[in-house]
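The values are calculated or read from the model by the stated rules, or taken from the named source; none is laboratory data. Note that the structure is a prediction, hence the values are computed from the model and not measured. Here the Cβ positions follow ideal geometry from the backbone for every residue, glycine too, while neighbour counts run over all protein chains shown. Ligands, DNA and RNA are stripped out before the accessible areas are found, and what is left, the full protein with its side chains, is counted by its heavy atoms. Shrake-Rupley method; radii C 1.70, N 1.55, O 1.52, S 1.80 Å.
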Amino acid sequence: MLRQDSWRSDAETWESVDPDERRIDESSLTETKALPFFRFVTVFVVGLAFFVLPVPWENTVTVPFDIFVGIIEANFTQYVLGMAWLMVLGSAALTTITEFHFRELYSLEERTAERLSLELWETNTAFWALRIVGAAIATGYFFDIGPPLILDPDVAGVVWGTLILSIVIIIPLGSVFVNMLIECGALEFVGTLARPIMQPLFGLPGRSALDGAASWAGSFAIGFYVTRKVFERGGYNKREVFIICSCFGTGSIGTIGVFAAAFDLIHIFPVILLAYLVAIVAAAVVTIRIPPLSRIPEEYITEPNVEPNLTGSVGGYVRLAISEAMEESRGTSSVRAGWKGLIDGIVLTATITGTVVAVGTLVLVSYHNTQLFQIISAPLEPVIAAFGIPDADVVASALIIGFADMYVGALTAVGLAPMAKFFVILVVSGQILFLAASGPMMMDMFTDIPVRFRDVVAIFVTRTLVLIPISAVLTHAVNLVGLL
């Protein structure tokens, strides 16, 4: 199960190459011209503020991106859900046409196939089936028809009224700014400055810092989108994609704010954010060095674009970062980059929404109508109690339910002792992969690695076991200084 051959594919791949070794002062720097520099600075500052700048909003602290998403959700819900239904339906139809074409069950003319961009909709049999099932369920949600099990507000409200509503807004909107940041040099700028940290600690290129920042500031869906874009350009190999998505596709600032407010812990929101950052960094340092992440091959799906190993002063890194940004920004149009990001974001959203609807519905129906998750969580209860966390039985259930849905898992802990709430926020938000959204999204977005269900389960179990002691130590430390 954990052999490297498990992740090797029949498609053409490129093996990992050793990066060049050089000093920064030996690099030829791109001339800093006024227009590319102005474009880079403007896009970088606006994009950074949009995703990262903490602002108070409706009794919580969030970022402008989250505010924009909330405004759209509140005022255009039916329009967005109508677009979501069309996306799921269109994805199922185009996937079926594609599979019929490539399996030679029915062949289209080459010109028609090109116009429909069939290569974007090609997938395996499992995801083909999930997209069709997702289309049927989405139709039931949209027209409010179907079995009571599916139309239950605890199922339909979470899958359709929360997850899909958010995804259909978040990915296209975020993709506009993310693609502008990539095309205008921000990826190269951040990547160059982050190399001395990301490579030694996590074995990742410096550019991966932007993926983590996008997830942290905006949404894991945006982080996945950045990773997908760089992966297609040869910037990441398969192992790096797994590490980035499973270690840094974290709950966003807005998500942590929602949990803090629900748990009446908003008064220590900065402390929660700091503890959460420490927890996910510490967990990443451990999990990348043990299976399954350590076993994934370092293969590329296109010609590798490997960052060189650089040595030099802090000033040298800053000068090189600006130079790399200028090189990337040259000849780029911010408007064109934003428009391309919007189109890419819409297409990506359409390819994954059907899977999210199908898997999310199945998981939540199981959770609300069976004791499956409570039974699975029973062995975890004494472990949590041994670390001195109160309400261990409910906390254990919350951590396992977090695999079904991060939000449902976290909100299970409402009403518990403050220490238990703090602990649940750290672990559930840091587990990252859950079956109602991020798990199937990662599986469907990276079928060319491939990412399979068993990989998602293995990573979830590994991260949970690593996060429990880390989060327990942080929880006791915060409690010791009298904040809980």
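For this structure, a couple of remarks:
- Test: residue in region 460-473 that is under 15 Å from the mean Cα position of the chain (by Cα) and crowded, with 24+ Cβ neighbours inside 10 Å: no
- Selected residue (only one of I182, I164, I244 is in contact (Cβ under 8 Å) with a residue 40 or more places away in the chain and in contact with an Asp or Glu (Cβ under 7 Å, 6 or more places away or on another chain)): I244
- Any hit, region 199-212, residues being modelled with pLDDT of 85 or more, basic (K, R) and more than 10 Å from the chain's Cα centre (by Cα): no
For every residue, the table says whether it meets (1) closer than 24 Å to I164 by Cβ; (2) in contact (Cβ under 8 Å) with a residue 12 or more places away in the chain; (3) not charged (D, E, K, R).
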site	(1), (2), (3)
V226	yes, yes, yes
R233	no, yes, no
N237	no, yes, yes
E240	no, yes, no
A260	no, yes, yes
F263	no, yes, yes
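- For A74, the test of being on the phi < 0 side of the Ramachandran plot, open to solvent by 50 Å² or more (accessible area, probe 1.4 Å), without any contact (Cβ under 8 Å) to a residue 60 or more places away in the chain and not charged (D, E, K, R) is passed.
- Pairs, first under 14 Å from L433 (Cα atoms) in region 388-414, second part of a loop (DSSP other than H, G, I, E, B) and open to solvent by 10 Å² or more (accessible area, probe 1.4 Å), C-beta under 6 Å, six or more apart: I401/T412; A404/L435
Results for (1) assigned to a helix (DSSP H, G or I); (2) open to solvent by less than 20 Å² (accessible area, probe 1.4 Å), shown as yes or no for each residue.
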{"position": "I346", "(1), (2)": "yes, no"}
{"position": "T351", "(1), (2)": "yes, yes"}
{"position": "V365", "(1), (2)": "yes, no"}
{"position": "I375", "(1), (2)": "yes, no"}
{"position": "I389", "(1), (2)": "no, yes"}
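- Verdict on G235 being closer than 20 Å to L435 by Cβ and outside any helix (DSSP H, G or I): no
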